[in-house]
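Structure first, commentary second.
Nothing in this text is a laboratory measurement; each read-out follows from the coordinates by a stated rule. These numbers come from a predicted model, not from an experiment. All Cβ positions, even for glycine, are placed from backbone atoms using ideal geometry, and neighbour counts span all protein chains on display.
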Amino acid sequence: MPTVEELIDRARKNEEIARRLFDIEVQIMNIGHCSDFFDQLLTLVAEKFNIEHVWVSLTDSPINDHILRSICGDREQEQSSALHVMATMDFLQATQSSREPILINDGFKKYRYLIPQAVYPKLGSMAILPLVVDGKIIGSLNLGDNSPDRYEPSKDSFFLKQLAVKASISLAGVSIREKISFLATRDPLTLLRNRREMEESLERELSRSRRHHDPLALVFIDCDDFKLVNDTYGHDCGDLYLKYVANKLIDMTRKGDMVFRFAGDEFVLVLPNQNTADAEMIAGRIKDHLSASPLMYRGLQVSVSISYGSISTDQLVEPTHKTLLKAADEKLYQMKKHKPPRCSLIEAFDLH
Ligand SMILES: Nc1nc2c(ncn2[C@@H]2O[C@H](COP(=O)(O)OP(=O)(O)OP(=O)(O)O)[C@@H](O)[C@H]2O)c(=O)[nH]1
């Protein structure tokens with residue numbers, strides 16, 4: 001039987017834990033981006049509860065696409081020890097789709113896919129707190145300790161469950177806010193940033209380039225004879241073609257570069273720290289690659305061709321986003337003027 005002093009002491013400790021959980025909740029509930037959310041959540045949990053290893057495991061389910069896009073932009077996710085992406089099946093099999101915290105200090109092998117490689121050898125015990133968004137398990141917040149005692153399975157997990165619920169509810173809010181702003185700034189077909197975003201980003205990059213006296217290049221890209229793709233293979237193929245080009249543009253540019261869908265079959269690349277020669281080289285490489293990599297559509301090879309015009313700030317007297325675009329568009333026009341005319345894709349792509 002616990003003494004009165006022991007009961008009072010326990011109540012005080014519980015109150016203290018509840019206060020820390022509340023502090024965390026207040027700080028994470030109004031965050032606007034998932035990437036900031038995870039950064040803050042992991043830092044706060046580690047600091048407030050003095051936890052050695054804190055990380056998030058996310059499943060690769062499509063429901064997490066926008067969270068992953070928020071964290072790593074349009075490019076491929078790099079694994080880090082704080083955010084760990086894993087196959088949905090592996091996750092659900094290991095946790096048996098549990099919605100309750102799992103405490104373990106033995107048999108880590110079963111959970112190996114959830115544990116970052118750098119943490120695995122040190123782990124004495126861990127708590128897996130499921131993250132549930134819109135009723136679906138999307139991963140877990142994981143707490144690890146080098147000692148086997150901290151997350152011993154027989155321990156009361158009431159506060160861990162509270163942490164899991166608070167983190168899940170806050171993440172759902174962040175994720176909705178971010179989805180709304182994502183849809184407002186993206187082209188729905190290719191998911192590239194839209195023209196309005198381009199104008200804003202270009203203004204921002206231009207002032208940065210003025211401040212640092214660095215060049216800024218812009219490439220205006222237009223697909224050749226795109227109308228013929230629609231007319232020959234249908235609109236669905238045209239849509240696939242645009243997505244194909246958009247993905248290649250992302251794949252073939254670097255992390256700090258920006259890719260936008262300007263309109264219809266037109267795209268814009270904004271390349272910080274690049275001059276016209278660099279931009280010409282990048283655009284030429286993309287053009288060559290696309291010409292050599294036809295789109296496969298229903299067993300047919302649909303040849304892909306683009307024209308481009310590139311310009312950089314060091315070629316203009318007082319560059320603005322409008323003069324950059326205009327100059328790149330004029331160069332694009334020159335390239336278009338010199339491309340051989342095609343009146344039929346079948347003929348032009350020699351599909352007979
Ligand atoms: N499938 C599809 N087609 C689109 C989309 N947006 C615009 N288009 C079509 O893109 C075509 C663009 O045609 P044009 O501006 O004549 O360009 P082009 O055929 O590439 O001709 P050049 O630029 O001279 O090589 C139009 O037929 C539009 O209807 C889209 O989202 N999906």
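Of the Cα atoms belonging to the chain, the radius of gyration and Dmax stand at 26.2, 93 Å. About its Cα centre, the dipole of the range 195-348 is roughly 100 debye, where the only charges are +1 on Lys and Arg Cβ and -1 on Asp and Glu Cβ. Evaluated with a Cβ-only charge set (Lys, Arg +1; Asp, Glu -1), the chain carries a dipole of roughly 140 debye about its Cα centre, given to the nearest 20. Binning all Cα-Cα separations of the range 206-282 at 5 Å, short to long from zero, yields these whole-percent fractions: 3, 14, 23, 20, 15, 10, 7, 4, 2, 1. Using a Förster distance of 41 Å, how high is the FRET efficiency between Arg285 and Ala82, based on the Cβ-Cβ distance and rounded to 0.05? After rounding, the FRET efficiency stands at 0.75. In the chain, taking the dipole from charged Cβ atoms about the Cα centre, the farthest positive-side position among Asn247, Asn50, Met89 is held by Asn247. Evaluated on the range 4-185, the Kirkwood hydrodynamic radius is 16.9 Å, with distances taken between all distinct Cα atoms. Would you be so kind as to identify which of Leu143, Ala172, Ser125 lies farthest towards the positive end of the dipole of the range 108-239, taking Lys and Arg as +1 and Asp and Glu as -1 on Cβ and the Cα centre as origin? It is Ser125, whose Cα lies furthest towards the positive end. The aspartates and glutamates within cross-link reach of Lys322, meaning a Cα-to-Cα straight distance under 17 Å and a gap of 8 or more places when in the same chain, are Glu197, Glu199, Glu200, Glu203, Glu205, Glu266, Asp314, Glu330. Each of Thr323, Met258, Gln301 was placed along the dipole of the range 195-348 (beta-carbon charges, centred on the mean Cα), and the one lying farthest toward the positive end is Met258.
Dipole magnitude for the range 86-207: computed about the Cα centre from +1 point charges on Lys and Arg Cβ and -1 point charges on Asp and Glu Cβ, it is near 200 debye.
What nm value, rounded to one decimal, do you get for the distance between Lys161 and Ser147 when each label is placed 7 Å out toward the C-beta? Once both label points are built, they end up 2.5 nm from each other. Legend: residue pairs Lys287/Lys326; Lys248/Lys339; Lys110/Lys136; Lys48/Lys255; Lys161/Lys248; Lys136/Lys227, Cα-Cα distance threshold 32 Å; pairs beyond threshold, Lys48/Lys255; Lys161/Lys248; Lys136/Lys227. For Val85, the amide hydrogen comes within under 5 Å of the amide hydrogens of Leu58, Ser80, counting only partners 5 or more places away or on other chains and with H modelled in the peptide plane.
In a DSSP loop and with at most 11 other Cβ atoms within 10 Å, there are no chymotrypsin sites (Phe, Trp or Tyr not before Pro) in the range 9-64.
What number comes out for the charge environment of Asp23, summing +1 per Lys or Arg and -1 per Asp or Glu over other residues with Cβ under 12 Å away? Charge balance in the 12 Å sphere: +1.
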